[in-house]
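One structure below.
The values are calculated or read from the model by the stated rules, or taken from the named source; none is laboratory data. All values reported here derive from a predicted model rather than from experimental measurement. Positions of Cβ are backbone-derived with ideal geometry, glycine not excepted, and every protein chain shown enters the neighbour counts.
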Amino acid sequence: MELLLQFLSNTGFYLADYRNFVMLAIGSLFVYLAIAKKYEPLLLLPIGFGVLIGNIPFFKGFGLGIYEPNSVLHYLYFGVTTGVYPSIVFLGLGAMTDFSSLLARPKLMLLGAAAQTGIWVTLLSAMALGFMPKEAASIAIIGGADGPTSIFLTAKLAPHLIGPIAIAAYSYMALIPIIQPPIMRLLTTRQERRIHMSEPREVSKKELMVFPVIGLFLCCFLAPASIPLLGTFFFGNIMKESGVVDRLANTARSAVIDTATIFLGLTVGASTQGDVFLTPKSVSIFLLGAVAFSIATASGIIFAKIMNLFMKEKINPLLGAAGVSAVPGSAREVHLVGLKEDPTNFLLMHAMACNSSGVIGSAICAGILWSFMM
């Protein structure tokens, strides 16, 4: 009987408290949204299942938990805490990105830059609420709507906040279809949403091959701390555009990025143990993240409207919402909102130009914040 009672006292049923059940409910919700609603399943399914794994109670000292040295999850989590997984994801993103629409209309880069306003407004807001500067910088980067960038910067500045910041960043990326359309409709008129963009010029192969080299120099000389992200991003892109290493480019945009995404999502989810995750700070981070993402969306739209005051050929202001770096979710949502107003208005490729510039912009902001806060 004593052995039986000892066994029962070591089971998850005995060790669980309300925080574990709260997080298990959240993880189950993520899995449901990924499978039933298809909200960014590549992100929410690994994260949601990771939350379930991380919140099964266990007996301490067995080397099971993600925060216990020498555990399997701890070793897998190493790629998060060192920034390895985000850099690999950026390599794959670079190998998937087509800059032709951006090079055809370079002025759309300004919308990607304008959308980063959410980062700086949130930085000041977080500091005003009492967060330390490094914590505030990590929270602010959620405004870029870029999960890997958020994780990378947080790992460098505030590793104790990786769980809530990563969950917040990926949650808002997955909820783009819910968050962005109301803001788009609120800040634009029906006439503005129906603006057609003219066909872009044809971009030469030489331009596409030269751009990643020039982009690397311009961005990384400006913010050297962004090299781990943008260095791999532009390397992936030149592999794609050069055409001489197709096998490497295909691997980068398939097996490599998929593997990194699996372990990144799973371990980030597993890091949300109830006793570590459920704190007043986590609630504040979620609220500030929502503010950051909303401001970033609104900033891009408003800046597009300001540009239209001085331009003969008008820009559809919806494109400004794609200035955040949630690729390709925000570009797809801009396209869908435009189609609802006019079934002949195809904005996807133009929105991808803003989207890709947003990826670069958020990585530069992360590099600047890292260099200032260290």
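Which of the residues belonging to the range 122-148 are in a helix (DSSP H, G or I), farther than 24 Å from ALA353 by Cα and aliphatic (A, V, I, L, M)?
LEU123, LEU124, ALA126, MET127, ALA128, ALA136, ALA137, ILE139
Just give me the residues in the range 340-363 being surrounded by 24 or more Cβ atoms within 10 Å (Cβ to Cβ) and of a type in the set (Val, Ile, Thr), in sequence order.
Within the range 340-363, VAL359, ILE360 qualify.
Quick test for you: out of SER226, SER271, SER204, pick the one residue that is polar (S, T, N, Q) and more than 22 Å from the chain's Cα centre (by Cα). Talk me through it step by step, then tell me what you get.
On the way: SER226 fails: more than 22 Å from the chain's Cα centre (by Cα); SER271 fails: more than 22 Å from the chain's Cα centre (by Cα).
Among SER226, SER271, SER204, only SER204 is polar (S, T, N, Q) and more than 22 Å from the chain's Cα centre (by Cα).
What do you reckon, is THR272 under 21 Å from LEU175 (Cα atoms), in contact with a helix residue (DSSP H, G or I) (Cβ under 9 Å, 6 or more places away or on another chain), at pLDDT below 95 and hydroxyl-bearing (Ser, Thr, Tyr)? Outline the logic, then answer.
Working: under 21 Å from LEU175 (Cα atoms): yes; in contact with a helix residue (DSSP H, G or I) (Cβ under 9 Å, 6 or more places away or on another chain): yes; at pLDDT below 95: yes; hydroxyl-bearing (Ser, Thr, Tyr): yes.
Considered against the rule, which asks whether it is under 21 Å from LEU175 (Cα atoms), in contact with a helix residue (DSSP H, G or I) (Cβ under 9 Å, 6 or more places away or on another chain), at pLDDT below 95 and hydroxyl-bearing (Ser, Thr, Tyr), THR272 comes out as yes.
Output the qualifying pairs, or none if there are none: Cβ atoms under 6 angstrom, residues six or more apart or on different chains, first residue in the range 84-112 and more than 22 Å from ASP258 (Cα to Cα), second residue among the basic types (Lys, Arg) and surrounded by fewer than 20 Cβ atoms within 10 Å (Cβ to Cβ).
ALA104/ARG201
May I ask you to verify whether GLY79 is within 18 Å of the chain's Cα centre (by Cα) and buried (at least 20 other Cβ atoms within 10 Å of the Cβ)? It would help to see each step written out before you state the result.
Numbers: within 18 Å of the chain's Cα centre (by Cα): yes; buried (at least 20 other Cβ atoms within 10 Å of the Cβ): no.
No, not satisfied.
Filtering the range 11-45 down to residues that are modelled with pLDDT under 80 and surrounded by 14 or more Cβ atoms within 10 Å (Cβ to Cβ), which residue is farthest from PRO177 (Cα to Cα)? Working first, answer last.
The first filter runs over the range 11-45 and keeps only residues modelled with pLDDT under 80, leaving 11-16.
Within this subset, residues satisfying the condition of being surrounded by 14 or more Cβ atoms within 10 Å (Cβ to Cβ) are 15-16.
On the way: LEU15: 38, ALA16: 35 Å.
Per the criteria, the residue is LEU15.
Among all residue pairs at least 6 apart or on different chains, which show Cβ distances below 8 Å where the first residue, located in the range 168-182, is in contact (Cβ under 8 Å) with a residue 40 or more places away in the chain and of a type in the set (Val, Ile, Thr) and the second is surrounded by fewer than 24 Cβ atoms within 10 Å (Cβ to Cβ) and assigned to a helix (DSSP H, G or I)?
ILE176/GLY329; ILE176/GLU333; ILE179/ALA290; ILE179/SER294
Can you find, within the range 81-105, the residue that is nearest to GLY274 (Cα to Cα) among those that are in a helix (DSSP H, G or I) and among the small types (Gly, Ala, Ser)? Even if it seems obvious, please write down each step before you answer.
As a first pass, look at the range 81-105 and keep what is in a helix (DSSP H, G or I): 81, 84-96, 100-104.
Of the ones still in play, those that are also among the small types (Gly, Ala, Ser) are 87, 92, 94-95, 100-101, 104.
Working: SER87: 28, GLY92: 32, GLY94: 35, ALA95: 37, SER100: 45, SER101: 44, ALA104: 49 Å.
Only one residue fits best here, namely SER87.
Can you confirm whether PHE78 is out of contact with any Gly (no Cβ under 6 Å at 6 or more places or on another chain), among the aromatic types (Phe, Trp, Tyr), farther than 18 Å from GLY163 by Cβ and assigned to a helix (DSSP H, G or I)?
No: the conditions fail for PHE78.
Just to check your reading of the model, which residue among ILE301, ILE262 is surrounded by fewer than 17 Cβ atoms within 10 Å (Cβ to Cβ) and assigned to a helix (DSSP H, G or I)? Before you say what the answer is, go through the steps one by one.
Working: ILE301 fails: surrounded by fewer than 17 Cβ atoms within 10 Å (Cβ to Cβ).
Result of the check over ILE301, ILE262: ILE262.
Looking at PRO57, PRO46, can you tell me which residue is in a loop (DSSP other than H, G, I, E, B) and either over 15 Å from LEU73 (Cβ atoms) or touching a residue at least 40 places away in the same chain (Cβ under 8 Å) (or both)? Talk me through it step by step, then tell me what you get.
Working: PRO46 fails: in a loop (DSSP other than H, G, I, E, B).
One residue alone meets the criteria, PRO57.
Counting just the residues of the range 238-259 that are in a helix (DSSP H, G or I) and β-branched (Val, Ile, Thr), which one comes out surrounded by the fewest Cβ atoms within 10 Å (Cβ to Cβ)?
Just the residues of the range 238-259 that are in a helix (DSSP H, G or I), to begin with: 238-242, 246-259.
Subset that is β-branched (Val, Ile, Thr): 238, 251, 256-257, 259.
Working: ILE238: 21, THR251: 16, VAL256: 18, ILE257: 24, THR259: 13.
Across the range 238-259, the extreme among qualifying residues is THR259.
Would you check which residues across the range 312-345 are out of contact with any helix residue (DSSP H, G or I) (no Cβ under 7 Å at 6 or more places or on another chain), assigned to a loop (DSSP other than H, G, I, E, B) and modelled with pLDDT of 90 or more and list them?
ASP342, PRO343, THR344
Being without any contact (Cβ under 8 Å) to a residue 60 or more places away in the chain and surrounded by fewer than 23 Cβ atoms within 10 Å (Cβ to Cβ) is the filter here; which residues of the range 312-331 pass it?
Across the range 312-331, the qualifying residues are LYS312, PRO328.
Part of a loop (DSSP other than H, G, I, E, B) and of a type in the set (A, V, I, L, M): does that describe ILE66? Explain how you work it out, then say what you get.
Working: part of a loop (DSSP other than H, G, I, E, B): yes; of a type in the set (A, V, I, L, M): yes.
Yes; evaluated as a whole, the condition is true for this residue.
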